[in-house]
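Structure record follows, encoded as structure tokens.
The values are calculated or read from the model by the stated rules, or taken from the named source; none is laboratory data. Quantities reported herein were computed from a predicted structural model and do not represent experimental measurements. Cβ: placed from backbone, ideal geometry, glycine included. Neighbour counts: every protein chain shown. Quick note on the areas: whole protein, heavy atoms, side chains included, nothing else; ligands and nucleic acids left out. Shrake-Rupley method; radii C 1.70, N 1.55, O 1.52, S 1.80 Å.
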Amino acid sequence: QGRIEKNMVVQTLEAMLPIDTENLREALEESVWAQWDTAHDDRISEREFFDRGGLLEWVRRHQHDLRQAQARGAAPSLAEEPERWFRHWDAAKRGRLRRGEVLRALCEAARVSSLEPKRVKRLKEGIDGIWARH
């Protein structure tokens, strides 16, 4: 009655987005579900669904990211075509990449999903280490 259970959320997101079910379930257990289920009752209420930082906002952000990735297309090989690879990720044509762009590029190259927070964190720490030295 006006609440969505975790299993239904997983099934719905699987149908809407090209995501790995195991990664989704792990992300839900580690952090994402707690952000959405602010009442901690193992269900998403209508209010929680529409809240800032809630499930609807998460879905919209991931749909937006997916559309951007589709429009961008596959990146050229960094090893074989480094200049084309750079231009591919420099969408704003600034002649430099920001940390977030480098992170997104490396996540795509390593096939790391945003639903794998530990792997994303390791990549981000590596990028931060390089950034600090340059």
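Filtered by the rule that a residue be polar (S, T, N, Q) and in a helix (DSSP H, G or I), region 1-26 gives 7, 11, 12, 21, 23. Only one of the listed residues (48, 57, 29) is touching an Asp or Glu at 6+ places or on another chain (Cβ under 9 Å), part of a helix (DSSP H, G or I), surrounded by fewer than 16 Cβ atoms within 10 Å (Cβ to Cβ) and not hydrophobic (A, V, I, L, M, F, W, C). That residue is 57. Out of curiosity, is residue 24 more than 29 Å from residue 129 (Cα to Cα), under 15 Å from the mean Cα position of the chain (by Cα) and buried (at least 16 other Cβ atoms within 10 Å of the Cβ)? Criteria not met by residue 24. Could you tell me whether any residue of region 89-105 is of a type outside the set (Val, Ile, Thr) and either under 14 Å from residue 18 (Cα atoms) or in contact with a Gly (Cβ under 9 Å, 6 or more places away or on another chain) (or both)? No; the residues of region 89-105 include none that is of a type outside the set (Val, Ile, Thr) and either under 14 Å from residue 18 (Cα atoms) or in contact with a Gly (Cβ under 9 Å, 6 or more places away or on another chain) (or both). Taking residue 42 as the residue in question, decide whether it is in contact (Cβ under 8 Å) with a residue 40 or more places away in the chain and either within 15 Å of residue 116 (Cα to Cα) or open to solvent by 70 Å² or more (accessible area, probe 1.4 Å) (or both). So residue 42 does not fit the description; no.
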